[in-house]
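Visitor: The structure follows.
The values are calculated or read from the model by the stated rules, or taken from the named source; none is laboratory data. Nothing here was measured: the structure is a model prediction, and the numbers come from that model. Please note: Cβ atoms are built from the backbone with ideal geometry, for glycine as well, and neighbour counts cover all protein chains shown. To get the accessible areas, we keep the full protein, side chains included, count just its heavy atoms, and leave off ligands, DNA and RNA. Shrake-Rupley method; radii C 1.70, N 1.55, O 1.52, S 1.80 Å.
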Amino acid sequence: MSVVEADEGGDPSPPEDLLYDVIRRLWPLHRTVVRAVERELVGTGMTAGEHALLDALRTEGPRTVPQLARSLGLDRQPVQRWVNHAAELGLVVTAPNPAHRRSSLIQLTSEGSAVMRGIPGFEPATLRRVLADLSAADVTTALRVLDRLGEEFRHLANGSHVPTEEPGSPDNLDSPPTPKPHPIPPHPPHPNHLPDAPALPDIPDPPHEGRHRE
């Protein structure tokens, strides 16, 4: 069946449903990739996380630990542990950072580069062979969608999500802006400022029982 599934009427699924399908596939895909990486790393002493660290250094060049953490979308502490272990294995070393004296650069050693080259399952030539049915346009679209999802979910995770359409924008000219609720006063109004109560109708006084009749 095509990835773009149709509903019972034969119409393609709406984009939001397809996006949810992408999100649902991400976690199983991540776990599958981790298991595949761990299988290739048998005998190297590295974990899948340390492989991701070395791959980032191979792709991006020397980086500080905070830069690596941002690149991998992780907290600094686990990245620092990976760096420490990779340094014990002789795969990375620290180097002076001209831009920041107190934050050293982490860079691959020649042994680290050799270890990365020795993992055949993720070499570009192998990927081109096993995924030959995917065109460059397919991969480019996939990257764009994943980058867009990552951007939005980073905003949501940080509590800084901003709606893409604001009231009064060109796309929303036909929709009236949502009225803002009136603020609640911090203190009750002064009695002199209360609105006048409605006047009550005149009610005749009841006759007194002791009144003398004429």
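Visitor: Sorting HIS155, HIS30 by accessible area (1.4 Å probe), largest first, what list results?
Guide: Descending accessible area places them as HIS30, HIS155.
Visitor: Summarise the accessible area of the range 61-165 (1.4 Å probe, protein heavy atoms) by the percent that is carbon and sulfur.
Guide: Carbon and sulfur: 55 percent of the exposed surface of the range 61-165.
Visitor: Label LEU72 and HIS100 with points 7 Å out from Cα along Cα→Cβ: what is the distance between them in nm?
Guide: 1.6
Visitor: Can you work out the Karplus-derived ³J(HN,Hα) for every residue in the range 58-74? Use 6.51 cos²θ - 1.76 cosθ + 1.60 with θ = phi - 60°, whole Hz, and x for glycine or proline.
Guide: 5, 7, 9, x, x, 9, 7, 4, x, 5, 5, 4, 5, 5, 8, x, 10
Visitor: Further question on the same structure: So what is Rg over Rh here for the range 1-115, counting just Cα atoms and using Kirkwood for Rh?
Guide: Answer for the range 1-115: 1.17.
Visitor: Right, here's the next one. Run the simple label-point estimate for VAL42 and HIS155 please: 7 Å along Cα→C-beta, distance reported in nm.
Guide: Placing both labels 7 Å along Cα→Cβ, they lie 4.5 nm apart.
Visitor: In the full protein assembly as shown, how much of ASP55 is accessible to a 1.4 Å probe, in Å² to the nearest 10?
Guide: Accessible area of ASP55: about 50 Å².
Visitor: Let me ask something else about it. With a Cα-only, solvent-free Debye model of the range 111-154, what are the log10 I(q)/I(0) values at q = 0.32 Å⁻¹?
Guide: -1.00
Visitor: Given 0.36 nm per residue, what is the gain on full extension from ARG129 to ALA87 after removing their alpha carbon distance, in nm?
Guide: Full extension from ARG129 to ALA87 adds 11.8 nm.
Visitor: Figure the gain on full extension for ARG117 and LEU26 (residue separation times 0.36 nm, minus the Cα-Cα span) and round it to one decimal in nm.
Guide: Taking 0.36 nm per residue and subtracting the Cα distance, the gain is 30.1 nm.
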